[in-house]
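Chemist: Right, I'll just put the structure down here and ask away after.
The values are calculated or read from the model by the stated rules, or taken from the named source; none is laboratory data. None of the values given here were measured: they were computed from a predicted structure. Ideal geometry is used to build each Cβ from the backbone, glycine not excepted, and the neighbour counts take in all protein chains shown. Please note that ligands, DNA and RNA were not included when accessible areas were found on the heavy atoms of the full protein model with its side chains. Shrake-Rupley method; radii C 1.70, N 1.55, O 1.52, S 1.80 Å.
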Amino acid sequence: MAAFFFTRKTSNRRKDAALELKLYARTVISADDDTVISVSERDCGDPDCGGARTIVLIMHPRRPTEAVKIDKPLEQITQTELSDALAPLAAQTGLPEPPSKPK
């Protein structure tokens, strides 16, 4: 019996939108080179969100993964909406500051 796998083709516009959101998210949170950002769209399942939800994952080394959910398709998200959603993460510096030296 042969196994069949179907992949959903993603339009170039959708790929471009996801890449644009990733790059902008890196800027908003001042991500370093070791930070990985993932942007994906999932079916929401909740009628209030319009059917699609965009999920932005922020993966810093040695820290728990952080997720931000925006109840819109990724192609409809503006930079302002992404900035607002990431604002709590942008306020975090990531690593604790070293203790100050006594004078």
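Chemist: Can you give me the number of residues within region 26-39 that are in a strand (DSSP E or B) and either at pLDDT below 90 or open to solvent by 30 Å² or more (accessible area, probe 1.4 Å) (or both)?
Modeler: Let us first name the residues in region 26-39 that are in a strand (DSSP E or B), namely 36-39.
So of that shortlist, the ones also either at pLDDT below 90 or open to solvent by 30 Å² or more (accessible area, probe 1.4 Å) (or both) come out as 36, 38.
Looking only at that region, the number is 2.
Chemist: Can we say Lys9 is modelled with pLDDT of 70 or more and more than 14 Å from Ala67 (Cβ to Cβ)? Write out each step before concluding.
Modeler: On the way: modelled with pLDDT of 70 or more: no; more than 14 Å from Ala67 (Cβ to Cβ): yes.
For Lys9, the condition - modelled with pLDDT of 70 or more and more than 14 Å from Ala67 (Cβ to Cβ) - is not met.
Chemist: Only one of these conditions is not met by Glu20: (1) open to solvent by less than 60 Å² (accessible area, probe 1.4 Å); (2) touching a helix residue (DSSP H, G or I) at 6+ places or on another chain (Cβ under 9 Å); (3) more than 11 Å from Pro73 (Cα to Cα). Which number is it?
Modeler: Failing condition for Glu20: (1).
Chemist: For region 45-80, give me each residue that is farther than 15 Å from Ala25 by Cα, part of a helix (DSSP H, G or I) and open to solvent by less than 60 Å² (accessible area, probe 1.4 Å).
Modeler: Of everything in region 45-80, just one residue is farther than 15 Å from Ala25 by Cα, part of a helix (DSSP H, G or I) and open to solvent by less than 60 Å² (accessible area, probe 1.4 Å), namely Cys49.
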